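Chemist: Below you will find the structure I want to go over with you.
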Amino acid sequence: MVDAILAVLQRPSFLTFVILFLWGFYIMVTRYNLVKKLIGMYLVQTSVIFFLVSISVKKGATVPVLLSTTDPVIAASYANPLPHVLTLTAIVVGVATTGVGLALCAAIYQKYGSLDEQEILERLE
Amino acid sequence: MSHQLPAILFLLPLFAAISMPVVCLKHRQWSYSISVAVLAAMVLVSILNLHNVIHHGEIRYVFSGWTAPLGIEWVADGLASVILVLVSVLGLLGVVFTGSTSPKDLGGRIIHYYTLILLLVSALTGIVFAGDLFNLFVFLEVAAISSYALIGVAGGRALFAAFRYLILGTLGASLYLLGVSYLYAVTGTLNMSDMVDKLPFLLSSKAVVGGLIFMFIGLGIKMALVPFHSWLPDAYTHAPESISPILASLVTKVAILAWIRIIYWVFNASIVINDIPILLLVSVLGTLAAVIGGGLALAQGNLKRLFAYGGISHIGIILIGISQGNQTGFAGGVFYLLNDAVMQAGLFFLAGMAFYQYGIRTIDDLGRLGKHSPWLTGSLIVMALGMIGLPPTGGFFGKWYIILGALEAGNYVSVAAVLLSTLLTLAYFVKLFEALFRQPATQLNVQSGDIPFSFKLTLGITSAAIIILGLFSAPIVQLLLDHAMPPGL
């Protein structure tokens, strides 16, 4: 048990990811306010993006542009651009989803005059 | 030219979707004609593509000259081409049906409505062809975002259903992305055909197992597998009548295709059968979905909700088919997927027509309808035969091959589950017909005009397709066995 905890503490970025993810999930499940649910959803998305960035960290590496065309290429001195590109795409997807979610929230508020899930469900009955 | 077909298939609806707000700025009514023309062209190209793939083998489409694993790759193999014909045909039928039913109060937004439908079809094309896991995620999200907007387009109760779908769907997508990043961290590649070479040596890694589980839960939410199905009935019931057929027949089925790809193409068949118990998991989940979905359907009074739960149980039957780990079961599962997509489209066309023509939404109202339209009753009978699985419909042959596959694998629980789910389907259709044919005390007084041509056309084609898929089941299954089998199965 102690070993497991110590092993987790060795990976602070992974621990941060787990906390962020569960925090977002908790907000999504427990809050009745629709905008708060969206905030939780965004936290979940961001935690996954954080995870993608954290696994691509490379100490002492530089941007992936060749320093010289004549020297042999040493892969260890360049950062891998792929996870960063994935991250950018995932951010765009997240922004689009949040936009649609907020638009739905606005329409729900206009229709029912409330953003509280319980109140809306009462009005639906 | 022929190797460009996958890109053409994707770009046709995408370009039409992007250019529609400009082209139709002055002439709103053009948006319908353009959508029908583009999707009809897509049907022709997809059939051409299928023909081409059968005769010349699979196409690996490479973007801007960067070959895999460095570049992005699309794979148009037999399975993808068959599913794509289905996507384009049902997309076209859905838009034709939409023509006379599109929500009247949309006004100028009707252009955006068709834009979203075309965007949905192009995203589904992307999912079908995607050769790497991250591309799959992006197209899943494009498809999902278009579906959220399309469900909420009519306002009212649909808004809340769409919001719930959005929250759950995004959670699913995040879990899928998390799974992909686990697998990427272990293998260093995203390309499916590159990953299949690397994974056999990494099976002891916990990250592979964790990634796989996250991806499965994520896609499970997208396909409305039973513990995660709660978003589907609400979303499909309250969605506009013209949208439910497209969503019900295509979105969940394409998520199943993504699952099939991950099981059999990212992990190869021999690993899946011998080394990891993933097929057992899929088969258990499929069994649960088939039985619980059928049981819940029995309790529904609303037509669209009944059909939505029916769809949930049939997702289970498809999964039982593909999880048998032999060719017969796999071909049966894919064949049943084709049938189920057609039947779901037909059933939701029927529910849409019942609402637009007679204003009825529940089974009881259907019974109180005094005079029946032969179109309504006739197509309902054909679709019921297909859903229950009586010969000569395609539903019968799909279940037949699935049961043969399960017997071959010695998996008797699966056989029992298919049979039990068939009985439950029979039970809820008996309930439906009992309501339809009894003589009620009170009759609804509905004034209905002639049935519009587009209703007759879509109902006629789907009903005929259910029978035709049954009559030609042998050549279709043979085609699947010859060209759509995963490597090594």
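Any read-out appearing in this document is the output of simple, stated calculations on the displayed coordinates, not a laboratory observation. All values derive from a computational prediction rather than experimental measurement. Here the Cβ positions follow ideal geometry from the backbone for every residue, glycine too, while neighbour counts run over all protein chains shown.
Chemist: If I ask for residues that are more than 10 Å from every other protein chain (Cβ to nearest Cβ), in contact (Cβ under 8 Å) with a residue 40 or more places away in the chain and either surrounded by 15 or more Cβ atoms within 10 Å (Cβ to Cβ) or outside any helix (DSSP H, G or I) (or both), which ones from segment A:116-125 would you list?
Modeler: If the condition is that a residue be more than 10 Å from every other protein chain (Cβ to nearest Cβ), in contact (Cβ under 8 Å) with a residue 40 or more places away in the chain and either surrounded by 15 or more Cβ atoms within 10 Å (Cβ to Cβ) or outside any helix (DSSP H, G or I) (or both), then A:D116 is the only one that fits.
Chemist: Scan segment B:8-25 and tell me whether some residue there is under 23 Å from B:S193 (Cβ atoms), in contact with a Ser or Thr (Cβ under 6 Å, 6 or more places away or on another chain), part of a helix (DSSP H, G or I) and not aliphatic (A, V, I, L, M).
Modeler: Checking segment B:8-25: at least one residue is under 23 Å from B:S193 (Cβ atoms), in contact with a Ser or Thr (Cβ under 6 Å, 6 or more places away or on another chain), part of a helix (DSSP H, G or I) and not aliphatic (A, V, I, L, M).
Chemist: Of everything in segment B:136-190 that's farther than 18 Å from A:V92 by Cβ, over 18 Å from the mean Cα position of the chain (by Cα) and β-branched (V, I, T), which residue is nearest to the other protein chains (Cβ to nearest Cβ)?
Modeler: B:I167
Chemist: While we're here: If I go through segment B:275-326 residue by residue, how many of them are in a loop (DSSP other than H, G, I, E, B) and either within 27 Å of B:G359 (Cα to Cα) or in contact (Cβ under 8 Å) with a residue 40 or more places away in the chain (or both)?
Modeler: Counting residues in segment B:275-326 that are in a loop (DSSP other than H, G, I, E, B) and either within 27 Å of B:G359 (Cα to Cα) or in contact (Cβ under 8 Å) with a residue 40 or more places away in the chain (or both) gives 9.
Chemist: Touching a helix residue (DSSP H, G or I) at 6+ places or on another chain (Cβ under 8 Å) and crowded, with 21+ Cβ neighbours inside 10 Å: which single residue out of B:I151, B:I110 fits that description?
Modeler: The unique qualifying residue is B:I151.
Chemist: Now for a separate question. Could you please find all residues in segment B:46-80 being closer than 22 Å to B:P486 by Cβ and either among the small types (G, A, S) or part of a loop (DSSP other than H, G, I, E, B) (or both)?
Modeler: Matches in segment B:46-80: B:S46, B:G57, B:E58, B:A68, B:P69, B:I72, B:A76, B:D77, B:G78, B:A80.
Chemist: Then there is this: Based on this model, can you work out whether B:T125 counts as closer than 30 Å to B:I263 by Cα and not in a helix (DSSP H, G or I)?
Modeler: No; evaluated as a whole, the condition is false for this residue.
Chemist: Using beta carbons and a limit of 8 Å, which pairs, at least six apart or on different chains, have the first residue in segment A:91-111 and within 9 Å of chain B (Cβ to nearest Cβ) and the second one outside any helix (DSSP H, G or I) and not hydrophobic (A, V, I, L, M, F, W, C)?
Modeler: Final answer for the pair search is A:A107/B:G155; A:K111/B:G155; A:K111/B:G156.
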